[in-house]
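Take a look at the structure below.
The values are calculated or read from the model by the stated rules, or taken from the named source; none is laboratory data. Predicted, not measured: the structure shown is a model, and the values here were computed from it. Positions of Cβ are backbone-derived with ideal geometry, glycine not excepted, and every protein chain shown enters the neighbour counts.
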Amino acid sequence: MPPNPAPRDLRSRPARLGAPDLGIGVGLRIKHYPEIFDEGQGSSMGGRPPNPRAEGSSEETRVDWFEIISENFTVPGGMPLHNLGRALERFPIVQHGVSLSIGSAEPLDWEYLRKLKALVSVTRSPWVSDHLCWGSAGGVHLHDLLPLPYTAATVKWVAERARAVQDFLGVRLALENVSSYMTFTSSEMTEWEFVSAIAEEADCGILLDVNNIYVSAYNHAFDADAYVDGVPAERVVQIHLAGHTNHGKYILDTHSDHVIDPVWDLYRRALRRTGPVSTLIEWDDDIPPFAELAAEAAKARAIRDEVCGAGPR
Amino acid sequence: MQAPAELAALQGFLAVALRGEEPIAGDAELAEATRAHVAGNDRLTPAEQADLYRVQFWLRHHECLADDYPGLRALAGEDAFDALVRAYLVAYPPHTPSLRDLGADFVTFADGWPGFPADRRAAALEMVRYEHAFIDLFDGAEPPPLDPLKLQGIPEDAWDRARIVLSPLLARLHLEYESHLYRFAAAEAGPDADPPPFPARRAVPLVLYRRDLFIRYDEVDPEALALLDALAAGEPLVAACDRVAATLDTAAAEALGAKVGPWFQQWTERRWIVDVVV
């Protein structure tokens, strides 16, 4: 395997498929609303916790943008939309979905897509992401991100659907590589060849989840570096970082812990190819205090600066 | 364009296998069928790999229903709640992409489920209905507030036929137990705490509603709830008041007349009333 290209000044590289570089983000979580919305008076920390975007906020607490789970906000009203409005006043918001089921053999869910499009008009999300997976068959929804067989026929099927979705939404679609616990006997190519082929044929973006690459590489014994090196770098519009749970015989993608060093290394490797790309720390379970999550974001920022050079703030 | 036949077949097979109640690895025929599709590796057999998803299916949906029905979970007990959830998901597999809709048929199913302990069944069924009411209130669309100018513009003689429109963010509940207090205590304590004491048996006319983004409850007079029920059914205000008064003795019926005005004002302030149609 040839060595990863040496670092160089990548600040002049244009945005990926027109997508902006938003910096380092985290997921929008109810638990962190007091910090995000500056409601910290009387908190156990004493005084007001720092606003993540306030003038003079320290690097340790700084967050540049937030990712929302689209499905939590495709609702008619109530607290979710209220808090989304508050977040939109202060931060760029990017939509990330879990229900697109782009790889399902069933027809696209146009009711869901209409809700998604309506939400985009509110959030002005610069791209919309979801997973390269399937989740429903025979009218039953499993509410999971199930892997696909890596075949030419699947590429053709998924790419056509992805193109239709992207055209309908009117905003760039980014498909995320899922972590997986099974592969299929019918697969004809590597996962990264599969992801790349779909992205090229659909002309869509890639949300490169380097933790998922690590998890899947562990579970299926492939070379994670080859995966990172094998995707079209110019199509990566966002990177995900997350923790997981290692059970020995397999790893589960639990998003419930810190990013481990090998995943940080994959992040470095990815950045050497892509240049600065909007990066998100995913932490969805056993969610820590905001300061701990922000510290993880600060680590990502430091690595990004290390690889890409410190860019404009 | 049609999906590839092989893809559809694979997904059809897995959509059933990954919802099984028992491990795939323990079913020789199913494990063999899984082997035809799933590669496996030197650490996990194809059936064991697929079982990781099967286990996640049950965990995820159990957690979702536990989040929506914390009072029922505490009241029925973990074993009964788990058995109810499993039976429900078998009878009503998830059929929409949104987990919010997972419990759409939960009340109906629970009504006919025989697994509640006999001494808790009535309280459990009431708790299911009570907690189910929260779901629509949480993220329902906020109706526009009642226009006071509209009220002022209604002629005196039109009030006989005026119909009161109640907020869609309001649920009227005739409780027989203190389910509202129990649910609050169970939710506050969390799933790992000991359940609260069994809810007291008491007739509680209750209004559950959303105001200023928060879901609240008010215990109301029995006559007030009866009046709200009649209004919700579309009865004009005066006829509704007459109907409720007819159920009362003379003194109570006279007292009702003095209460309606302040109730109307209070219900308007709480945004329980969102329109008056003449």
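Looking only at region B:132-166, filter to residues that are within 14 Å of chain A (Cβ to nearest Cβ) and touching an Asp or Glu at 6+ places or on another chain (Cβ under 9 Å); which one of those is modelled with the highest pLDDT? Filtering first and then ranking leaves B:F134.
Candidates in region B:1-54 are the residues that are of a type in the set (V, I, T) and more than 10 Å from every other protein chain (Cβ to nearest Cβ); of these, the one that is surrounded by the most Cβ atoms within 10 Å (Cβ to Cβ) is B:I24.
B:E142 meets each of the listed conditions (1) charged (D, E, K, R); (2) under 30 Å from B:D242 (Cβ atoms); (3) part of a loop (DSSP other than H, G, I, E, B) apart from (2).
For region A:150-162, state whether one or more residues are surrounded by fewer than 21 Cβ atoms within 10 Å (Cβ to Cβ), modelled with pLDDT of 95 or more and under 19 Å from the mean Cα position of the chain (by Cα). No, because not a single residue in region A:150-162 is surrounded by fewer than 21 Cβ atoms within 10 Å (Cβ to Cβ), modelled with pLDDT of 95 or more and under 19 Å from the mean Cα position of the chain (by Cα). Set side by side, the residues A:I68, A:I102 differ, and just one is touching a residue at least 60 places away in the same chain (Cβ under 8 Å) and either assigned to a strand (DSSP E or B) or in contact with a strand residue (DSSP E or B) (Cβ under 7 Å, 6 or more places away or on another chain) (or both), which is A:I102. Annotation: of all residues in region A:255-295 being among the polar types (S, T, N, Q) and buried (at least 18 other Cβ atoms within 10 Å of the Cβ), the one that is farthest from B:E63 (Cα to Cα) is A:T274. Of the candidates B:R54, B:R73, the single residue that is touching a Phe, Trp or Tyr at 6+ places or on another chain (Cβ under 9 Å) and of a type outside the set (V, I, T) is B:R73. Considered as a group, the residues in region B:55-82 that are among the charged types (D, E, K, R) and free of Cβ contacts under 8 Å to residues at least 60 places away in the same chain include one that is surrounded by the fewest Cβ atoms within 10 Å (Cβ to Cβ), and that residue is B:D79. Here region A:235-293 is the region considered, the condition is being of a type in the set (G, A, S) and in a loop (DSSP other than H, G, I, E, B), and the residue that is farthest from A:T183 (Cα to Cα) is A:G275.
Looking only at region B:12-51, residues that are under 21 Å from A:G139 (Cβ atoms) and either in contact with a Phe, Trp or Tyr (Cβ under 6 Å, 6 or more places away or on another chain) or part of a loop (DSSP other than H, G, I, E, B) (or both) come to 5 in all. Those residues that are crowded, with 21+ Cβ neighbours inside 10 Å and hydrophobic (A, V, I, L, M, F, W, C), I need them from region B:91-109; list them, please. Within region B:91-109, B:L99, B:L102, B:F106 meet the criteria. When residues in region A:149-170 are screened for being in contact (Cβ under 8 Å) with a residue 24 or more places away in the chain and either more than 19 Å from A:S101 (Cβ to Cβ) or of a type in the set (G, A, S) (or both), 5 of them pass. Which residue pairs have Cβ atoms closer than 6 Å, lie 6 or more positions apart in sequence or on different chains, and pair a first residue in region A:224-253 that is away from chain B (no Cβ under 14 Å) and without any contact (Cβ under 8 Å) to a residue 60 or more places away in the chain with a second residue that is in a loop (DSSP other than H, G, I, E, B) and of a type in the set (A, V, I, L, M)? Qualifying pairs under 6 Å: A:I239/A:V277; A:L241/A:V259; A:G243/A:V259.
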